[in-house]
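Student: Can you keep this structure in mind? I'll have questions shortly.
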Amino acid sequence: MAWARNVLRVNLTEGTCKNEPLNMDWAQKYLGQRGLATKYLVEETDPRVDPLSPDNKMIMTTGPLTGTCASTAGRYSVVTKGALTGAIACSNSGGFFGNEMKNAGYDMIIFEGRAPNPVYLLVENDNVQLIDASEFWGKSVWDTEEGIKAKHQDPLIRVASIGVAGEAGVKFACVVNDMHRAAGRSGVGTVMGSKNLKAVAIRGTLGVSVEDVGSFMQATAEGKQTLADNAVTGQGLPAYGTQVLMNVINEVGALPTRNHRDVQFEGAKNISAEAMAEPRADGKPNLVTNAACFGCTIACGRVSTVERSHYTVAERPEYQIASGGLEYEAAWALGAATGVDDLDALTFANFICNEQGIDPISFGATVGAAMELYEEGVIGDAETGGIECKFGSAKALTDLAELTGKGEGFGAEIGLGSKRLCEKYGKPELSMSVKGQEFPAYDSRGIQGMGLAYATANRGACHLRAYTVSSEILGVPEKTDPHVTEGKAGLVKAFQDATSAVDSSGLCVFTTFAWSLDDIAPQINAACEGDWTAEKLLEVGERVWNLERQYNCAAGFTGKDDNLPARLLKDAAKTGPAEGLTNGLDQMLPEYYEVRGWTDEGVPSNETVERLAL
Amino acid sequence: MQKSLHIDPDKCTGCLQCELACSHVNEGVFNPAKSRIKVFNFHDQGRMVPYTCTQCDEAWCMQACPVDAITLDAETGAKVVSDALCVGCKVCTIACPFGTVNYNASTGKVIKCDLCGGDPECAKACPTAAITYVDANWTGLDRMRQWAAKTDAGAQAEA
Amino acid sequence: MQHVIVGAGPAGVVAAETLRKGDRNADIVLIGDEPEPPYSRMAIPYVLEGMIEQSGTYLRKTEGHYEGLGIQYRQGRAESVAAADGTLTLSGGETVSYDRLLIATGATPLSPPVPGLDLPGVHNCWTLEDCRGIAKLLNEDANVVLIGAGFIGCIILEALAKRCGNLTVVEMEDRMVSRMMDATAGGMLQRWCGAKNIRVLTSTRVAGIEAASGAGGDKAVVLDNGETIDAHLVVLAVGVAPNIGFLEGSGIKTDHGVLVDQHLESSAKGVFAAGDVAQGLDFSTGEYSVHAIQPTATEHGRIAALNMLGQNAHYKGSLNMNVLATVGLVSSSFGSWEGVAGGDSGVAVDEDGYKYLRLEFEGDHLVGALGIGLTDHVGVIRGLIQNETALGDWKERLQENPHRVMEAYVAHSQT
Ligand SMILES: Cc1cc2nc3c(=O)[nH]c(=O)nc-3n(C[C@H](O)[C@H](O)[C@H](O)COP(=O)(O)OP(=O)(O)OC[C@H]3O[C@@H](n4cnc5c(N)ncnc54)[C@H](O)[C@@H]3O)c2cc1C
Ligand code: SF4
Ligand code: SF4
Ligand code: SF4
């Protein structure tokens, strides 16, 4: 019930596909998705493995609620050792792929080895085949998805694939499903590419059931009502999407701008949610509509168009379509981080990111770093292949998006990610990253808790591991002062643990704007066997967090890697409410280790390991 | 006054809660593949369109059925398939010009919307009121009706 | 007004009901020559399969349905019609007079011109009586030979295959269901049957059936290539011909079937025809032909009745369409599936997956289709064809990927 209790193990080297029962003891301890797949990865692989070697494994995984009618319950994650970071990676995606996988009867698909030649996996319930992918290799995500549907004559097949970037080894390639939903971060698509796995195509018609239907229908109905009644999930997100944050974060002086040189972007309003709703030259706004992922009653997704006469699409009718529009993180990375405020250029670059499967956050942030290298004269036209790579250049942004999407020219260097790029040119301090992964859209000088969240995030800099913005800026669940460090260690831990639990359930973390674990627990409890209280979920979350940490420690990370770039620790914010502030990581980190029950070196203590039964 | 499902595609977000509700009430599991209502996603236009049987007056499915397995529910106006009588010949699936009767290979019978006996689950599940259950003459089904009339091999009563 | 309907199959029954709906007072007489209550022959395969009882084939399931509607259902066989007098004669000599007559006598199976058809255990599969005969010999040890793999043959094939030990199918055309399928589809079907251990011999004729005494059955089917196949049961399905014999000398014009105009009225005023017996307007070709399918029969029945009521229902022609399952593989065809001169097509073939969809266009209209393995929303193909929907730029998309046909439909009807 809820779990399909079934794992599909695909050995790409051997070309075999086998079913095995899901380890239900682990399911009770790690719930599903992020937690459970991490457990499998930890048990089955050496943490020191080269992420791109056949010995690394890649797990596509659903949660127990995936495929049910709980709001947002369509999520799946890709768990592996990240190509960008060398740390544990878990990238979560919505769309409709996760529910299809569950409907086909699988909690997880574990990919091992490397196929001798490009292949894709076709799953039609229990009919599973690895098929030669030579006709799709070299094609974009969009062409692959359409091609597979046409080839197998079923428009209802759901596809998760990599674009050319993932084939070409771009370090922040993602796995894209349903045309523009992505397991985006840490280079999980790069790992998929290294396995010669082009796509996973699924059609599932078996159905998903839950343990106690009556209670489940009631609990999920109450949950949906709570989401509908909440101002953020009921109104803000559907109307404006996450982009509602652009002006807010800019005003609080936490919008990292031009590779974090500044904390406010003068062009923010031009790339905001409000701008997306403004009619353009063609009389239509950028935003066509909002759209939901499977089962989601929030529907924050954006569907956008590029204005038809814009230089990027004027001669290219294939891009004169509606497609996945800008989310806040993407708008920030493609815009503020590069100083570009041309909304159409950003939207186009975002299309390309989806089309070729690259993470817009790492891409935009790396372009930002390259622009700084260029402006400082560290690199020039010789390196960029003639692209005038200056802050604010929309043309540089869109050209680099296309090159990076294909891993060509200077795009191949952007595709290294900012850490490797800046190291290559002798300026490691210009990479705005932690554990090799670029920051998302919140400047930790203006939102102190995020500094700690970034520094300690197991998959490298990430907002989705502990979104303290919620508390520090939006006041959910309660308002804390973004400029102080006190209390942030506990706050970060609480967010990290709760989020780990949500990421293990099949639900979307955006529900937590309205839901606490008290809202989520009854839904899981009704769906799954076992007793699932909010306390138990929090414990699962903490267990998952520590398991990931142990993996990273074994992979060679130490407390020294829980750090921020000097720019954030030494160069004070120049403007805005946080003017004069740097991030106070050194005040928060020791306390964090303490509340975590970790040693001074940041290693989970024996006591903690025992307490969590790891 | 009989009621109909009124669908407003502009409000649809494509979340498939209707498909989940429909499959749950009819099949006992969450399984969009077995839903009587289907949401079509025109992704390059950003349009989502929920679509199911309109319980059309012509009732092509009912007329074509060789064994009287589809009957009219006088109360709701729904054309209802009887699992006990249906032999799975699929004639109704080609007869319905709206494509809203589908063959379910796992049971060997066909499935179509029965208006949930007058309490449509899909409408209740829709978070945006894109699907509502309203008085029949409010539904603006005219377009569907026009379409249905065109399919009719014999336009009626010219005299 | 006295309405008389000869033939109590689907066409006749729908006509009778439509008449009653339109006129509360009319006298409606429905005459059928079979011993059972009005039933649907196309449900016979499901009786053979064991899915339903014989009563499951009855066209109407409520007790007293016809009496309740004031329809006089009576047994009898029409021997002749005198259109000039407005009378018909039943076997036994009784005359019945009418103001309006509907001929809905259906069709009769054809026999191949070979010896041995009168041997016991050689059956058509057309009536419930045939069905009972077949059922007696059908068991898991039976060797069965099915002669004819046309549309109806293939439907019977499914039922026989489920119940018998060993099935061989003999078809003289070069492929299965040649009238509703092209070589690709027919070939796919044949491969599929082969994979299910059903031997299908195409381009093969039966030379005769002989009595035999082998372990394989009491009959031997002799093929034109000299091979003989032992059988306990031989089922014939080589085609049908409209039941028009009794109209000879009636003054009603016939060709293959009863010739009718766009009101389904025959050459004799006040005499209409419907169903398998009628040579009616074909929506696709604009010509008059016998369809011999269920949807056309009920459509005819309804429209003929409207005209009998004087409603002047103008008939735009029926779309020839079929759907069938052959040991689980669903196929369907619509209208001009072979394409039209100067038209375009959109084709998707997946030989390994047993999936096939062929769409045929004239200008930007869909005019025909052929599908294998297609079960979702197939009806819209009918809708698009019969509405003559101008597909615009969707035509190109459908040529690229014909499986987007439901999207094309929704895009045209809903947006
Ligand atoms: C095994 C089988 C499977 C089939 N499968 C399908 C299918 O899947 N899809 C499909 O579309 N079609 C199918 N058909 C064809 C379909 O059954 C016929 O098209 C349909 O029955 C035609 O209806 P009708 O009313 O015109 O004729 P009929 O059903 O043949 O009814 C005519 C009636 O008139 C009677 N009659 C004949 N002469 C006289 C007379 N002189 N006096 C009185 N009564 C008379 C006959 O005995 C008969 O009862 C199938 C047929 C068979 C046999
Ligand atoms: S299934 Fe089709 S033919 Fe039947 S009532 Fe619904 S729309 Fe009409
Ligand atoms: S499939 Fe069932 S409901 Fe449809 S026409 Fe055949 S018997 Fe009737
Ligand atoms: S009314 Fe009921 S049966 Fe019809 S589509 Fe809605 S949920 Fe399904």
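The values are calculated or read from the model by the stated rules, or taken from the named source; none is laboratory data. Owing to the predicted nature of the structure, the values given are computational and were not obtained by experimental measurement. Positions of Cβ are backbone-derived with ideal geometry, glycine not excepted, and every protein chain shown enters the neighbour counts. Ligands, DNA and RNA are stripped out before the accessible areas are found, and what is left, the full protein with its side chains, is counted by its heavy atoms. Shrake-Rupley method; radii C 1.70, N 1.55, O 1.52, S 1.80 Å.
Student: In the stretch A:186-211, what count of residues is obtained for those that are within 14 Å of chain B (Cβ to nearest Cβ) and over 21 Å from A:N354 (Cβ atoms)? It would help to see each step written out before you state the result.
Tutor: Restricting attention to the stretch A:186-211, the residues satisfying the condition of being within 14 Å of chain B (Cβ to nearest Cβ) are A:202-211.
Adding the requirement that they be over 21 Å from A:N354 (Cβ atoms) leaves A:203-211.
Total meeting the criteria: 9.
Student: Still on this structure, I have one more. Restricting to the stretch A:416-429, count the residues that are over 18 Å from A:P360 (Cβ atoms) and open to solvent by less than 10 Å² (accessible area, probe 1.4 Å).
Tutor: The number of residues fulfilling the criteria is 1.
Student: If you don't mind, there's one more thing I want to ask. Check off (1) open to solvent by 30 Å² or more (accessible area, probe 1.4 Å); (2) free of Cβ contacts under 8 Å to residues at least 60 places away in the same chain for A:F510 and give me the number that stays unchecked.
Tutor: (2)
Student: Determine whether the stretch B:125-137 contains at least one residue that is touching a Gly at 6+ places or on another chain (Cβ under 8 Å), at pLDDT 95 or above and hydrophobic (A, V, I, L, M, F, W, C).
Tutor: no
Student: Filter the stretch A:1-57 down to the residues that are out of contact with any helix residue (DSSP H, G or I) (no Cβ under 9 Å at 6 or more places or on another chain) and among the basic types (K, R), then identify the one that is least open to solvent (accessible area, probe 1.4 Å).
Tutor: So the residue we want is A:R9.
Student: Would you check if C:L128 is at pLDDT 95 or above, assigned by TED's automatic domain parsing to the domain that holds C:A292 and away from ligand 4 (no atom under 16 Å from the Cβ)?
Tutor: Against the criterion (at pLDDT 95 or above, assigned by TED's automatic domain parsing to the domain that holds C:A292 and away from ligand 4 (no atom under 16 Å from the Cβ)), C:L128 does not qualify.
Student: I need the full set of residues from the stretch B:54-90 which are farther than 21 Å from C:H300 by Cβ, in contact with an Asp or Glu (Cβ under 9 Å, 6 or more places away or on another chain) and within 13 Å of ligand 1 (Cβ to nearest atom), in order please.
Tutor: Across the stretch B:54-90, the qualifying residue is only B:V87.
Student: Given the conditions (1) touching a residue at least 12 places away in the same chain (Cβ under 8 Å); (2) in contact with an Asp or Glu (Cβ under 6 Å, 6 or more places away or on another chain), and given that C:N225 satisfies all but one, which numbered condition is not satisfied?
Tutor: (2)
Student: Looking at (1) surrounded by fewer than 21 Cβ atoms within 10 Å (Cβ to Cβ); (2) assigned to a strand (DSSP E or B), which is the only condition C:D118 fails?
Tutor: Single failed check for C:D118: (2).
Student: Does the stretch B:21-33 hold any residues that are at the interface with chain A (Cβ under 7 Å from one of its Cβ atoms) and part of a loop (DSSP other than H, G, I, E, B), and which are they?
Tutor: If the condition is that a residue be at the interface with chain A (Cβ under 7 Å from one of its Cβ atoms) and part of a loop (DSSP other than H, G, I, E, B), then B:V29, B:N31 are the ones that fit.
Student: Can you confirm whether the stretch C:330-338 contains a residue that is of a type in the set (G, A, S) and out of contact with any helix residue (DSSP H, G or I) (no Cβ under 7 Å at 6 or more places or on another chain)? Outline the logic, then answer.
Tutor: Restricting attention to the stretch C:330-338, the residues satisfying the condition of being of a type in the set (G, A, S) are C:331-333, C:335-336.
Next, from what is left, pick out any that are out of contact with any helix residue (DSSP H, G or I) (no Cβ under 7 Å at 6 or more places or on another chain): C:333, C:336.
Yes - at least one qualifying residue is present in the stretch C:330-338.
Student: A further question on this structure: Checking C:Y66 against (1) touching a strand residue (DSSP E or B) at 6+ places or on another chain (Cβ under 8 Å); (2) within 14 Å of another protein chain (Cβ to nearest Cβ); (3) farther than 25 Å from C:D23 by Cβ, which test does it fail?
Tutor: (3)
Student: Can you tell me which residues in the stretch C:341-358 are more than 10 Å from every other protein chain (Cβ to nearest Cβ) and β-branched (V, I, T)?
Tutor: Once the filter is applied, which keeps residues that are more than 10 Å from every other protein chain (Cβ to nearest Cβ) and β-branched (V, I, T), the stretch C:341-358 yields only C:V347.
Student: So which pairs qualify, if the first residue must be in the stretch C:56-76 and open to solvent by less than 40 Å² (accessible area, probe 1.4 Å), the second must be assigned to a loop (DSSP other than H, G, I, E, B), the Cβ gap must be under 6 Å, and the two must be at least 6 apart or on different chains?
Tutor: Pairs that qualify, where the first residue is open to solvent by less than 40 Å² (accessible area, probe 1.4 Å) and the partner is assigned to a loop (DSSP other than H, G, I, E, B), are C:T57/C:S40; C:L59/C:P38; C:L59/C:S40.
Student: I'm trying to understand the selection: among the residues of the stretch C:44-58, which are out of contact with any strand residue (DSSP E or B) (no Cβ under 6 Å at 6 or more places or on another chain) and facing chain B (nearest Cβ under 7 Å)?
Tutor: C:Y46, C:M51, C:I52, C:G56
Student: So, in the stretch C:227-259, of the ones that are assigned to a strand (DSSP E or B) and of a type outside the set (A, V, I, L, M, F, W, C), which residue ends up most open to solvent (accessible area, probe 1.4 Å)?
Tutor: Going through the qualifying residues, I end up with C:T228.
Student: Here is a follow-up. Quick check, is B:T71 modelled with pLDDT of 95 or more, farther than 30 Å from A:N290 by Cβ and open to solvent by less than 10 Å² (accessible area, probe 1.4 Å)?
Tutor: Numbers: modelled with pLDDT of 95 or more: yes; farther than 30 Å from A:N290 by Cβ: yes; open to solvent by less than 10 Å² (accessible area, probe 1.4 Å): no.
The answer is no for B:T71.
Student: Would you point out the residue of the stretch B:51-81, among those that are facing another protein chain (nearest Cβ under 9 Å) and touching a strand residue (DSSP E or B) at 6+ places or on another chain (Cβ under 7 Å), that is farthest from ligand 3 (Cβ to nearest atom)?
Tutor: By that ranking, first place goes to B:Y51.
Student: Return only the number of the condition from (1) surrounded by 15 or more Cβ atoms within 10 Å (Cβ to Cβ); (2) modelled with pLDDT of 95 or more that C:P112 does not satisfy.
Tutor: Condition (2) is where C:P112 drops out.
Student: Just to confirm my filter: which helices (runs of 4 or more DSSP H) fall fully inside the stretch C:1-105 and include at least 1 residues that are aromatic (F, W, Y) and outside the structural domain of C:I134 (by TED's automatic domain parsing)?
Tutor: Result: C:44-49, C:65-68.
Student: OK, next. Please work out which one of (1) within 30 Å of C:A8 (Cβ to Cβ); (2) within 16 Å of ligand 3 (Cβ to nearest atom); (3) in contact (Cβ under 8 Å) with a residue 24 or more places away in the chain is the condition B:F98 fails and give its number.
Tutor: Result: B:F98 fails condition (1) only.
Student: Let me ask you something else. Condition first: more than 15 Å from ligand 2 (Cβ to nearest atom) and open to solvent by less than 40 Å² (accessible area, probe 1.4 Å). Now tell me which residues in the stretch B:25-37 satisfy that. Break it down stepwise before answering.
Tutor: Let us first name the residues in the stretch B:25-37 that are more than 15 Å from ligand 2 (Cβ to nearest atom), namely B:25, B:27-34.
Across the stretch B:25-37, the qualifying residues are B:V29, B:F30, B:N31, B:P32, B:A33, B:K34.
Student: Would you mention how many residues in the stretch B:46-78 are on the phi > 0 side of the Ramachandran plot and more than 8 Å from ligand 2 (Cβ to nearest atom)?
Tutor: Residues flagged as on the phi > 0 side of the Ramachandran plot and more than 8 Å from ligand 2 (Cβ to nearest atom) within the stretch B:46-78 amount to 3.
Student: Could you please find all residues in the stretch B:89-119 being within 13 Å of chain C (Cβ to nearest Cβ) and surrounded by fewer than 20 Cβ atoms within 10 Å (Cβ to Cβ)?
Tutor: Passing the criteria: B:N104, B:A105, B:S106, B:T107, B:G108, B:K109.
Student: Tell me whether the stretch C:304-311 contains one or more residues that are open to solvent by 20 Å² or more (accessible area, probe 1.4 Å), facing another protein chain (nearest Cβ under 8 Å) and among the polar types (S, T, N, Q).
Tutor: Let us first name the residues in the stretch C:304-311 that are open to solvent by 20 Å² or more (accessible area, probe 1.4 Å), namely C:309-311.
Checking which are facing another protein chain (nearest Cβ under 8 Å) leaves us with C:310-311.
Now narrow it down to the ones that are among the polar types (S, T, N, Q): C:311.
There is at least one residue in the stretch C:304-311 that is open to solvent by 20 Å² or more (accessible area, probe 1.4 Å), facing another protein chain (nearest Cβ under 8 Å) and among the polar types (S, T, N, Q).
Student: A follow-up question, please. Please verify whether B:F40 is modelled with pLDDT under 95, open to solvent by 10 Å² or more (accessible area, probe 1.4 Å) and within 13 Å of chain C (Cβ to nearest Cβ), treating the condition exactly as stated.
Tutor: So B:F40 fits the description; yes.
Student: If I filter the stretch C:286-293 for residues that are at the interface with chain B (Cβ under 10 Å from one of its Cβ atoms) and touching a helix residue (DSSP H, G or I) at 6+ places or on another chain (Cβ under 6 Å), do I get at least one hit?
Tutor: no
Student: When residues of the stretch C:97-109 are filtered for being away from chain B (no Cβ under 14 Å) and either within 16 Å of ligand 4 (Cβ to nearest atom) or crowded, with 19+ Cβ neighbours inside 10 Å (or both), how many remain?
Tutor: Of the residues in the stretch C:97-109, 8 are away from chain B (no Cβ under 14 Å) and either within 16 Å of ligand 4 (Cβ to nearest atom) or crowded, with 19+ Cβ neighbours inside 10 Å (or both).
Student: Another question about this same structure. Could you check, for the stretch B:84-99, whether at least one of its residues is modelled with pLDDT under 95 and at positive phi?
Tutor: Checked the stretch B:84-99: at least one residue is modelled with pLDDT under 95 and at positive phi.
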